[in-house]
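The values are calculated or read from the model by the stated rules, or taken from the named source; none is laboratory data. All values reported here derive from a predicted model rather than from experimental measurement. So basically every Cβ, Gly included, is an ideal-geometry build from the backbone, and we count neighbours across all protein chains shown.
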Amino acid sequence: MKMTGAEMIVELLIEQGVTDLFGYPGGATLHIHDALYNRRDKITHYLPADERGAAHAADGYARATGKVGVCLATSGPGATNLVTGIATAFLDSVPMVAITANVGTDLIGKDSFQEVYISGIAGPIAKHTYAVRDIDRLAQTIRAAFEIADSGRKGPVLVDIPKNITAALCEFEPRQAAEPVPAEVPDPAQLKAIAAMIERSRCPVLCFGGGVVSSGASEELKQFIEKTGIPTCHTIMATGVIAFGHDLDLGMTGMHGSVAANTSIAHADLLIAAGTRLSDRVAQGRKTFAPKAQIIQFDIDPSEIGKSVDSGGSLIGDLRSILQELMPLVKNKDRSKWMADIRRWKEKDYFPDNTGDKLMPHQIMEVIGELAGPESIITTDVGQHQIWAAQYCKTTRPRGFMTSGGLGTMGFGYGAAVGAQVAFPSASVIHITGDGSLHMNMCEAATAVSYGLPIITIILDNAVLGMVRQLQWAYHKERYMATEPYRKTDYETVGKGFGVQTYRADTSEAFRDAFARALKNTGPSWIVCPIDKKEKVLPMMPAGKGVEDIILTQEEGGL
Amino acid sequence: MMDKTMIALMVENNAGVLSRVAMLFGRRGFNIDSLTVSATEDPDISRITITTTGDENVIKQIILQTKKLVEVLAVRVEDPLVAIQRELLLLKLRTTENDLTGISAICSIYEAAIVDLSENSLIIELTGKPGKIDAFLAVLKKYEIIEQCRTGVTTIERGEDAFTYQNRESHRS
């Protein structure tokens, strides 16, 4: 049947199973929004406060569901506002399709009003970008965009469509969405070789990352470590995949990882890196990271093998199938001496002080973990609160903790929470943020209020940009340049102005009370939690140093 | 000094594909010593030849990262023992009457052609392996170069085998 480009776009979204879309209209999207009007029974359109919010919401929706998140923006500034959100999704391998409308093809290249070359701008921060310039290629392009976003190592794909193409008529053939392409499976010889390396190892450690979440391999991973008895740590991207306090759990690894995790890696003779790219926040140096270990990598992306560490072996493919194939080839081995060493390192770990009357960051997180329940979804912004949330919330749900791990995007959390709450209307969605990050994207409170999304925003207010300030403490002799804004924002008034229910909690009891009440609200809440700016994120492994240099003390004074 | 590596890519002939390849090299800090691109026997496919410098890890990364680009259909390292390598040099020299005999003797040894002769200058054209062109330029060092232009290396392997690639039906990692 013949239809306009705009109608085709909407039909293609429906064909791909899209039920929710985060978009912001403009002159160039008029036809697309008009076509969405006709199909509003099939696709719910959510309007954020700005396009960045749309991109983060599509990202949060994708992280929460595993489906491709979709955002839509107009040409020019609408498109450029998506950029941070696309880059955030790219660095964390989140499947997303971003559709931008552009000026008509006769105006392209003439610096027309609201014209940018977004497919060029987004090129280096997306898995792929398309600039559609011919209506005959529109349908295949959008189908390819979804396939690319959702196959192999997932990621964001941008499709830029000029306005006249959204108005042009073309023959459209409906089709069923393509089945996902199965990832390759390692051959038996490779599997055997890796199993033999695991069998030989006397001091193994497994480190897993966001790949476990993407491939839905949490259950297989748990079986694998329990069968082999290999102690296990995770990157921030895999927070909540394995229950905290599990016997074999060493906690988080990396710059703010536990002493047990980092020391075990430093002494291991074998490190299995499963679904993690071992970024510089985890493997702080090619030569200094896991110096005694052979490193085995399980990854869906062959380019990760040997990229940041010297690889001693690898299996390429979907992590879930890799673990399934490997499971019958491995067995438990007595490593009591190694486990005794690890128990000793666990005792040396950092345990936060609980004695004072002041509200402490870890107490906030522990209360959240306790009251929010296993079905809750936590989103964070970026900074100290992000690491405290990862360390102390202790909820277990593989898609229940979302954070901008790769790009480190302040302002991610509120948009992501909107996306997560849209995907799971009855889940408790908790947005943990700091005063710095909140100022970057607090406008999304308007979105939460408009759609009655009961997102609970926890604001850890230390009045400073705590994480950068902590780096100035560690490396720049406490010369606190541009990190102590001491804003005069009255969060309770601002929150009320947006239509948010606000609370303030100065003590742990007050926080418990406020949080319990917020959990019952039908609309969004903010809980302002004043905390001491001197609180540091610990442990801290300084860049380029080893485990013997891990900082475990709150005392002021740098390195 | 590290050896130069020649990498050949078969890519979809789309607008923007060259900038995508160049952008990848730029953003990942890979070197481009030379780059050539042209159409092939199939109008939908272009061939890019890049010469680059880097250790084994870097070359491996270049291959794996370029393979991930959706429009890149095939990537391979060109084996210098099997690949015919050619580069074109155009060189404009300032000359006096006295120089002509010497220059034309050098040109005839290198099988270079003098393609333009003006009162005070001439233009030389030379085709060959990059090493030959380097040597030729070294010999001509004593003359004043007005302009110099090299195309970069393009390669093709000896024998009847073709550089095969599959048109992409699926897009993986």
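Please work out which one of (1) within 17 Å of A:I194 (Cα to Cα); (2) over 25 Å from the mean Cα position of the chain (by Cα) is the condition A:L323 fails and give its number.
Status for A:L323: all satisfied but (2).
Please count how many residues of the range A:157-186 are at pLDDT 95 or above and within 13 Å of chain B (Cβ to nearest Cβ).
Number satisfying all stated conditions: 4.
Of everything in the range B:59-76, what is farther than 11 Å from B:M10 by Cα and touching a residue at least 24 places away in the same chain (Cβ under 8 Å)? Give them in sequence order.
Residues satisfying the conditions are B:I59, B:Q61, B:I62, B:I63, B:Q65, B:K68, B:L69, B:V70.
Can you go through A:R52, A:R63 and tell me which one is farther than 26 Å from A:S151 by Cβ and either away from chain B (no Cβ under 14 Å) or part of a helix (DSSP H, G or I) (or both)?
None of the others qualify; the one that does is A:R52.
For B:D79, work out the one condition from (1) surrounded by 12 or more Cβ atoms within 10 Å (Cβ to Cβ); (2) touching a residue at least 40 places away in the same chain (Cβ under 8 Å) it doesn't fulfil.
(1)
Look through the range A:276-319, keep the residues that are surrounded by 22 or more Cβ atoms within 10 Å (Cβ to Cβ) and assigned to a strand (DSSP E or B), and return whichever of them is farthest from the other protein chains (Cβ to nearest Cβ).
Ranking the qualifying residues of the range A:276-319, first place goes to A:I296.
Residues in the range A:59-75: is at least one of a type in the set (K, R) and without any contact (Cβ under 8 Å) to a residue 40 or more places away in the chain?
Here is the first cut: in the range A:59-75, the ones of a type in the set (K, R) are A:63, A:67.
Narrowing further to those that are without any contact (Cβ under 8 Å) to a residue 40 or more places away in the chain: none.
Taking every residue of the range A:59-75 in turn, none turns out to be of a type in the set (K, R) and without any contact (Cβ under 8 Å) to a residue 40 or more places away in the chain.
Checking A:L206 against (1) within 14 Å of chain B (Cβ to nearest Cβ); (2) in contact with a helix residue (DSSP H, G or I) (Cβ under 7 Å, 6 or more places away or on another chain), which test does it fail?
Unmet for A:L206, out of (1) within 14 Å of chain B (Cβ to nearest Cβ); (2) in contact with a helix residue (DSSP H, G or I) (Cβ under 7 Å, 6 or more places away or on another chain): (1).
Could you name every one of the helices (runs of 4 or more DSSP H) located completely within the range A:77-171 that has at least 3 residues being crowded, with 21+ Cβ neighbours inside 10 Å?
Where helices (runs of 4 or more DSSP H) fall fully within the range A:77-171 and carry at least 3 residues being crowded, with 21+ Cβ neighbours inside 10 Å, they are A:77-91, A:138-150, A:163-167.
In the range A:222-235, how many are touching a strand residue (DSSP E or B) at 6+ places or on another chain (Cβ under 6 Å) and touching a residue at least 24 places away in the same chain (Cβ under 8 Å)? Even if it seems obvious, please write down each step before you answer.
Initial filter on the range A:222-235 (touching a strand residue (DSSP E or B) at 6+ places or on another chain (Cβ under 6 Å)): A:225, A:230-234.
Of the ones still in play, those that are also touching a residue at least 24 places away in the same chain (Cβ under 8 Å) are A:230-234.
Result for the range A:222-235: 5.
Return a yes/no flag: does the range A:462-474 have any residue that is more than 19 Å from A:M360 (Cβ to Cβ), among the aromatic types (F, W, Y) and in the same structural domain as A:T395 (by TED's automatic domain parsing).
There is no residue in the range A:462-474 that is more than 19 Å from A:M360 (Cβ to Cβ), among the aromatic types (F, W, Y) and in the same structural domain as A:T395 (by TED's automatic domain parsing).
Could you please let me know if A:I242 is in a strand (DSSP E or B) and aliphatic (A, V, I, L, M)?
Working: in a strand (DSSP E or B): no; aliphatic (A, V, I, L, M): yes.
In short, no.
For the range B:23-58: of the residues being touching a residue at least 24 places away in the same chain (Cβ under 8 Å) and within 14 Å of another protein chain (Cβ to nearest Cβ), which is nearest to B:M6 (Cα to Cα)?
B:G54
Here's the yes/no breakdown for (1) surrounded by fewer than 17 Cβ atoms within 10 Å (Cβ to Cβ); (2) over 15 Å from B:L64 (Cα atoms); (3) among the basic types (K, R):
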position: B:A8; (1), (2), (3): no, no, no
position: B:V21; (1), (2), (3): no, no, no
position: B:L24; (1), (2), (3): no, no, no
position: B:R27; (1), (2), (3): yes, no, yes
position: B:N31; (1), (2), (3): yes, yes, no
position: B:A39; (1), (2), (3): yes, yes, no
